[in-house]
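Asks: What follows is a single structure, and I will ask about it in a moment.
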Amino acid sequence: GQINVETYRGVVQLGGFVDNAQQKDQATKVARSVTGVKEVRNDLRVSTKPEATAGQDIDDSMLTASVKAKLTENSETKAHQINVGTEKGVVQLTGFVDSTTMKTKAGEIARSVDGVKSVRNDLEIRQK
């Protein structure tokens, strides 16, 4: 699997895809064991692909790259650390943004990319 880790003021967010529930649980345990961690938000998705074809992996990589490029091009979302993961055309957004407006905008941008089937917008709003 692929795990993205973002932290903000002691809150750890885990995003991405893992192969099974045990890996998801283990990631939470590891994150909680780190000194200074107050809360763990585990937004990991258990992979549903029995066996991905090489073509599917390439397509997902292309979608991830396209979504990242569009997020970078947009003035509202370019300055923020937004992680993008894709599995079978489903895009997951993780990380921390400054407002609900930015979260919504990032989701809209991801949905606008050709080939994206759906978007899991797991972005968290930074508490000031």
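The values are calculated or read from the model by the stated rules, or taken from the named source; none is laboratory data. This one's a predicted model, so the numbers in the text were calculated from it and none came from an experiment. Here Cβ is always computed from backbone atoms with ideal geometry, including for glycine, and neighbour counts include all displayed protein chains. Keep in mind that these areas ignore ligands, DNA and RNA; they rest on the heavy atoms of the full protein, side chains included. Shrake-Rupley method; radii C 1.70, N 1.55, O 1.52, S 1.80 Å.
Asks: Which whole-number value in Å² is the accessible area per residue of the chain, probe 1.4 Å? Spell out each step's value before the answer.
Replies: Working: 7270 Å² over 128 residues.
Accessible area per residue: 57 Å².
Asks: At 1.4 Å probe size, with no ligands or nucleic acids counted, give the accessible surface of I125 in Å², nearest ten.
Replies: That residue has around 50 Å² of solvent-accessible surface.
Asks: Quick one: Karplus J couplings for the stretch 23-32, per residue in order, coefficients 6.51, -1.76, 1.60, θ = phi - 60°, nearest Hz, x for Gly and Pro?
Replies: Rounded to whole hertz, the list is 5, 4, 4, 5, 4, 5, 4, 4, 4, 5.
Asks: Which three numbers, in whole Å and largest first, are the semi-axes of the equivalent ellipsoid of the chain derived from its Cα gyration tensor as √(5λ)?
Replies: Working: eigenvalues 108, 90, 17 Å².
Ellipsoid half-lengths, sorted descending, are 23, 21, 9 Å.
Asks: Amide H to amide H under 5 Å from N83: which residues, 5+ apart in sequence or cross-chain, H placed 1.01 Å off N in plane?
Replies: When sequence neighbours closer than 5 places are left aside, the close amide H contacts are T94, G95.
Asks: May I ask you to evaluate 6.51 cos²θ - 1.76 cosθ + 1.60, the Karplus curve with θ = phi - 60°, for each residue of the stretch 87-97 and list the ³J(HN,Hα) values in order in whole Hz, giving x for glycine and proline?
Replies: Going residue by residue, I get 9, 6, x, 9, 9, 10, 9, 9, x, 10, 10 Hz, with x marking Gly and Pro.
Asks: List, in order, the whole-Hz ³J(HN,Hα) value for each residue of the stretch 59-74 obtained from phi through the Karplus relation with A = 6.51, B = -1.76, C = 1.60 and θ = phi - 60°; use x for Gly and Pro.
Replies: In residue order, the calculated couplings are 4, 4, 5, 5, 5, 4, 4, 5, 5, 4, 4, 5, 5, 5, 6, 7 Hz.
Asks: Moving on. Ignoring ligands, DNA and RNA, what percent of the accessible area of the chain is carbon or sulfur (1.4 Å)? Don't skip to the end; give the middle numbers.
Replies: On the way: 3500 of 7270 Å².
On the chain, the fraction of accessible area on carbon and sulfur atoms equals 48 percent.
Asks: Beyond 29 Å between alpha-carbons counts as too far, so tell me which of K38/K117; K29/K78; K29/K128; K38/K70; K70/K128; K29/K103 fall in that bin.
Replies: Details: K38/K117 34 Å; K29/K78 32 Å; K29/K128 27 Å; K38/K70 33 Å; K70/K128 27 Å; K29/K103 27 Å.
Among K38/K117; K29/K78; K29/K128; K38/K70; K70/K128; K29/K103, the Cα-Cα distance tops 29 Å for K38/K117; K29/K78; K38/K70.
Asks: I've got another one for you. Taking the Cα centre of the stretch 11-128 as the origin, how large is its charge dipole in debye, to the nearest 20, when only Lys and Arg (+1) and Asp and Glu (-1) carry charge on their Cβ atoms? Don't jump to the answer; show the numbers that get you there.
Replies: Numbers: 18 positive and 16 negative charges, 88 e Å.
Here the stretch 11-128 has a charge dipole of around 420 debye.
Asks: Right, another one. Pull up all non-local amide H partners of G115: gap of 5 or more, or a different chain, and H-to-H distance under 5 Å with H placed in the peptide plane.
Replies: Those qualifying (amide H under 5 Å, at least 5 residues apart or on another chain) number zero.
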